[in-house]
Amino acid sequence: MHFYRPLGNISALTFDLDDTLYDNVPVITRTEKEAFEFVRNFHPSLNALEVDAFHRVRQALRHAEPDIYHDVTEWRRRAVERAMLDAGLSEEEARAGADAAMVHFASWRSRIEVPQETHDTLKVLAKRWPLVAITNGNAEPHLFGLDQYFQFVLRAGPHGRSKPFSDMYHLAAKKLHISPAEILHVGDDLTTDVAGAIRSGVQACWINLRDTNLMRATDSRLLPHMEISRLASLTALL
């Protein structure tokens with residue numbers, strides 16, 4: 001555990017989800033594969049759809065609607081719908097197909113294996129502070145057993161712009177009836193979690209799970225208040 005800034009009073013902890021509380025790489029890799037195969041097999045006109053072509057549809061949609069990236073679920077749904085329309089499906093077929101594809105996506109997206117250390121640590125911390133999840137992604141904590149520790153979950157799109165924007169950090173403080181400065185946010189990303197939190201007036205804890213040198217990291221913008229290499233280290237704050 002390393003400290004770079006003095007810690008102030010802590011009245012609540014907020015947590016990033018993906019790659020902070022569990023390894024998100026295996027599940028997102030598997031989910032992307034399964035989700036794309038579902039789209040290709042939904043209708044004969046889509047059988048020849050290639051991954052690169054679908055990615056171009058996604059990027060074209062973001063170019064046309066720059067703010068859509070804040071809601072990754074809606075961005076994906078709209079991209080699938082557009083790909084189906086481009087393949088010749090009717091508007092009704094494309095809408096139904098996109099909805100079905102998102103149900104299939106969701107069924108795979110939250111098949112997450114949460115380390116026991118995460119459960120143990122959050123259980124201990126939740127006895128001392130209110131805990132909140134703040135995510136740019138679309139995993140559903142209630143489907144993999146983490147919802148029991150959180151007072152509530154904020155996600156980009158429905159609850160504001162994605163991190164590093166301040167929307168969700170400030171909403172968390174408002175819902176908790178405390179000032180942003182009383183929150184310690186824990187996350188793995190130096191831009192969205194660390195710089196985003198600090199610029200929002202929130203204290204930041206960087207969880208360095210890849211033995212990265214903070215002083216050499218290309219995405220390092222602002223020093224966190226503290227750095228840990230494993231989640232269980234947070235119990236030292238009790």
Under Karplus coefficients 6.51, -1.76 and 1.60, residue-wise ³J(HN,Hα) of segment 227-238 in Hz, glycine/proline x: 10, 10, 10, 8, 4, 4, 4, 4, 5, 5, 7, 5
Relative contact order of the chain, defined on C-alpha pairs under 8 angstrom at six or more residues apart (%): 27 percent
Amide H partners (placed H, <5 Å) of His185, local residues excluded: Thr14, Gln203, Ala204, Cys205
Using θ = phi - 60° and Karplus 6.51 cos²θ - 1.76 cosθ + 1.60, couplings along segment 179-185 (whole Hz; Gly, Pro as x): 7, x, 5, 8, 9, 10, 9
Carbon and sulfur %, accessible surface of segment 84-238 computed with the full protein complex present, 1.4 Å: 49 percent
Prolate/oblate/rounded label for segment 108-222 (Cα gyration tensor, a/c 1.5): rounded
In order through segment 70-75: 3J(HN,Hα) via Karplus (6.51 cos²θ - 1.76 cosθ + 1.60), integer Hz, x for Gly, Pro: 5, 10, 5, 5, 5, 4
Surface per residue (accessible, 1.4 Å probe) for segment 26-94, Å²: 59 Å²
Cβ charges +1 (Lys, Arg) and -1 (Asp, Glu), total dipole of segment 155-215, debye: 260 debye
Mean ellipticity per residue at 222 nm, deg cm²/dmol - from DSSP H runs of n ≥ 4 across the chain, formula -39500 (n - 2.57): -12000 deg cm²/dmol
Cβ-placed point charges (K, R +1; D, E -1), dipole of segment 36-160 about Cα centre in debye, nearest 20: 400 debye
Per residue, in Å², the accessible surface of segment 132-186 once ligands and nucleic acids are set aside, probe 1.4 Å: 41 Å²
Segment 156-238: C-alpha pair distances exceeding 15 Å, %: 56 percent
Net length gained if the chain between Val51 and Arg210 were fully extended (0.36 nm per residue, minus Cα distance): 54.3 nm
Percent antiparallel among DSSP beta bridges (both partners in the chain, rounded to 5): 15 percent
Cβ-based charge dipole, the chain, positive-most Cα from Pro115, Ile198, Ala64: Ile198
Long-range HN-HN contacts of Ile134 with modeled amide H, under 5 Å: Phe15, Asp16, Leu17, Leu154
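The values are calculated or read from the model by the stated rules, or taken from the named source; none is laboratory data. Just so we're clear, the structure is a prediction, and the values are computed from it rather than from any experiment. In this analysis, Cβ positions are derived from the backbone assuming ideal geometry, glycine residues included, and neighbour counts consider all displayed protein chains. Each accessible area value is taken on the protein alone, full model and side chains, heavy atoms only, with ligands, DNA and RNA left out. Shrake-Rupley method; radii C 1.70, N 1.55, O 1.52, S 1.80 Å.
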